[in-house]
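Below: the structure, in structure tokens.
The values are calculated or read from the model by the stated rules, or taken from the named source; none is laboratory data. Everything numeric in this text was worked out from a predicted model, so none of it was measured. In this analysis, Cβ positions are derived from the backbone assuming ideal geometry, glycine residues included, and neighbour counts consider all displayed protein chains.
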Amino acid sequence: MRDDRSPVRITVSGLSKSYGPQSVLREVSLEVQPGEIFVIMGPSGSGKSVLLRHVAGLEVPTGGTVAINGHDPRLPETRDRFALALVFQSGALFNSLSVYENLALYPLEHRLCPKPEIRERVVRALRILSIENAVHKFPSELSGGMKKRVAIARALVMEPQVMLYDEPTSELDPVMAATIAEIIATLKEQFSVTSVVVSHDRDLAFAIADRIAVLHQGRLLAVQTPAELRENRDPIIREFLRPVINLQEPRFKKLEANHD
Amino acid sequence: MNRINEVFEAFGSALILAWRAFRSLPSAPRILRRVSEQGYLAGYTTLPIVAILLFFIGAVLALQAGNTLRDFGAKQLIGTLVGESIARELGPVMVAILLAGRVGSAVTAELASMRVSGEVDALVTMNIPPERMLVLPRLLAVLLITPVLTIIGNIIGWFGGAVVCAGVSTIGVEPEMYFQALKQYLTVRDIMDGLIKAEVFGFVVMLIACSTGLRTRGGPREIGFAVTKSVVFSLIAILTLDYFITKALD
């Protein structure tokens with residue numbers, strides 16, 4: 001890990017985002033504490049991934065600000081300083097590069113260390129994710145789950161101070177999902193990495209989160225610890241956290257009736 | 001009005017992209033491998049098509065002009081006509097059109113696909129400028145290979161004309177006479193003018209291809225649209241620039 005590591009705080013103030021007439025985020029404000037694992041949950045289309053892309057500096061807000069220790073994440077200097085890593089939902093691996101080349105790209109491009117050391121870093125990351133045998137494969141030869149693991153390994157090689165995960169356990173079997181949860185927790189314990197995790201996975205969220213934010217239709221409904229959230233009486237939050245499969249009165253029938 | 005805005009936006013984006021790419025020029029030694037890969041893809045694989053196309057363009061030009069010039073008793077000038085036409089106009093334009101159709105379309109599809117699948121965003125979060133990794137190697141490669149393709153295309157085109165002149169009995173101009181006429185009137189300036197055109201066309205084609213690809217949003221359908229847009233814009237740019245460069249070099 002980098003020598004100049006300092007605790008990283010993420011501050012989101014009054015963040016709004018619209019695509020044309022469609023408002024995706026509405027004045028979202030939150031603060032992720034240094035070294036914290038902060039999970040963002042919410043139904044599909046609630047704006048979780050868009051919020052994460054703002055934190056990663058990939059989007060220009062319509063209103064409000066995002067800051068990493070007071071610096072704009074869209075600036076290359078900020079990314080360089082805090083080694084901000086984003087694990088994309090799709091993996092976003094470079095298809096023209098092998099798994100090894102994907103992992104070695106960041107340290108090579110930034111000339112972080114000599115090649116033997118880069119090799120060591122890559123091998124270590126592959127070993128953590130149990131994907132050493134994929135080192136010479138290309139992304140097109142990997143399953144969805146393998147791609148996700150390679151994407152996480154690529155982020156680990158960056159030795160980041162901020163890790164952003166977009167649905168890190170989707171497409172993974174329960175054992176691998178648990179492994180990913182352990183990796184996220186270990187990064188916090190060992191390296192004080194500040195982590196923001198967007199997920200639908202309740203088990204993951206309650207197992208690893210220091211705090212959980214719930215988004216609904218672009219608005220922040222709650223930011224609470226897992227224990228507090230379990231006791232939350234808000235009907236939308238309860239419905240999201242404890243959906244019961246009701247075969248007698250299916251939800252889609254209600255939706256159809258409302259539509260008619 | 002939206003269309004006009006779109007055109008200005010595309011033009012502005014392409015200029016900014018070129019500026020950002022060339023700002024990374026000091027890192028060129030680090031991207032030599034990518035430049036050579038792109039040079040191979042753009043140059044070596046395009047060469048056979050350039051050769052076939054220019055051979056037949058030279059041949060058709062000699063055939064069309066040969067019979068007319070013969071009627072005017074000037075068939076000894078066929079070499080001059082074919083040589084000048086190919087060196088100054090048809091060589092660079094045809095190479096650029098082939099680059100737009102073959103290389104530009106592939107580059108747009110590749111970059112658009114990278115944009116749609118999040119690979120470009122991944123580069124941004126890794127603080128690796130896409131302009132340095134994806135655009136600069138392609139621009140440098142096309143600047144290197146376009147003059148080479150054009151010179152080879154020119155020579156093959158002239159040779160195509162010579163074959164027709166010698167082989168078609170109604171024209172009946174010997175290769176010696178053909179090449180003598182070609183050498184007599186064709187100047188280094190003519191060839192250089194053609195190479196300047198080719199260089200500008202190649203650069204513009206690649207810039208349009210990269211810019212269109214990187215500006216793509218959406219899914220597979222938009223990738224298809226982007227490829228079409230890239231080729232159409234490139235063809236319009238080639239023919240428009242051709243007029244202005246010809247005028248400027250006159």
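Of the helices (runs of 4 or more DSSP H) that lie entirely inside the range B:67-136, those containing 2 or more residues that are within 14 Å of chain A (Cβ to nearest Cβ) and of a type in the set (Gly, Ala, Ser) span B:105-116. Restricting attention to the range A:54-71, and to residues there that are under 20 Å from A:Ser195 (Cβ atoms), touching a strand residue (DSSP E or B) at 6+ places or on another chain (Cβ under 8 Å) and not hydrophobic (A, V, I, L, M, F, W, C), which single residue is farthest from the other protein chains (Cβ to nearest Cβ)? The selected residue is A:Gly70. Consider the range A:105-117 and keep the residues that are more than 14 Å from every other protein chain (Cβ to nearest Cβ) and either in contact with a helix residue (DSSP H, G or I) (Cβ under 9 Å, 6 or more places away or on another chain) or among the polar types (S, T, N, Q) (or both). The one that is surrounded by the fewest Cβ atoms within 10 Å (Cβ to Cβ) is A:Glu117.
List, please: which pairs have Cβ atoms under 7 Å, are six or more places apart or on different chains, and start with a residue in the range A:64-77 that is closer than 13 Å to A:Leu51 by Cα and end with one that is of a type in the set (Asp, Glu) and not in a helix (DSSP H, G or I)? As it stands, the answer is A:Gly64/A:Glu27, since those pairs meet every condition given. Among the residues of the range B:148-203, those identified as out of contact with any Ser or Thr (no Cβ under 9 Å at 6 or more places or on another chain) and in a loop (DSSP other than H, G, I, E, B) are B:Val168, B:Ser169, B:Thr170, B:Ile171, B:Gly172, B:Val173, B:Glu174, B:Thr187.
Restricting attention to the range A:35-53, the residues that are polar (S, T, N, Q), within 14 Å of chain B (Cβ to nearest Cβ) and crowded, with 21+ Cβ neighbours inside 10 Å total 0.
Taken together, A:Ser23, A:Ser46 contain a single residue that is of a type in the set (Gly, Ala, Ser), part of a loop (DSSP other than H, G, I, E, B) and out of contact with any helix residue (DSSP H, G or I) (no Cβ under 8 Å at 6 or more places or on another chain), which is A:Ser46. Can you find a residue in the range A:78-95 that is among the hydroxyl-bearing types (Ser, Thr, Tyr), more than 19 Å from the chain's Cα centre (by Cα) and within 10 Å of chain B (Cβ to nearest Cβ)? No, there is no match, as no residue in the range A:78-95 is among the hydroxyl-bearing types (Ser, Thr, Tyr), more than 19 Å from the chain's Cα centre (by Cα) and within 10 Å of chain B (Cβ to nearest Cβ).
Looking across the range A:189-227, the residues that are at pLDDT below 90 and surrounded by fewer than 18 Cβ atoms within 10 Å (Cβ to Cβ) come down to A:Glu189, A:Gln190, A:Phe191, A:Ser192, A:His200, A:Arg202, A:Asp203.
Among the residues of the range A:22-31, are any within 14 Å of chain B (Cβ to nearest Cβ) and surrounded by fewer than 17 Cβ atoms within 10 Å (Cβ to Cβ)? No; the residues of the range A:22-31 include none that is within 14 Å of chain B (Cβ to nearest Cβ) and surrounded by fewer than 17 Cβ atoms within 10 Å (Cβ to Cβ). Could you please let me know if B:Ile238 is touching a residue at least 60 places away in the same chain (Cβ under 8 Å), surrounded by 14 or more Cβ atoms within 10 Å (Cβ to Cβ) and assigned to a loop (DSSP other than H, G, I, E, B)? So B:Ile238 fails the test. Annotation note: Cβ proximity below 8 Å between a residue of the range A:220-235 that is touching a residue at least 40 places away in the same chain (Cβ under 8 Å) and under 16 Å from A:Val196 (Cβ atoms) and a residue that is among the polar types (S, T, N, Q) and surrounded by fewer than 17 Cβ atoms within 10 Å (Cβ to Cβ) (sequence gap 6+ or interchain) occurs for A:Leu220/A:Ser29.
Against the numbered list (1) small (Gly, Ala, Ser); (2) closer than 23 Å to A:Leu129 by Cβ; (3) more than 13 Å from chain B (Cβ to nearest Cβ), A:Ser13 comes up short only at (2).
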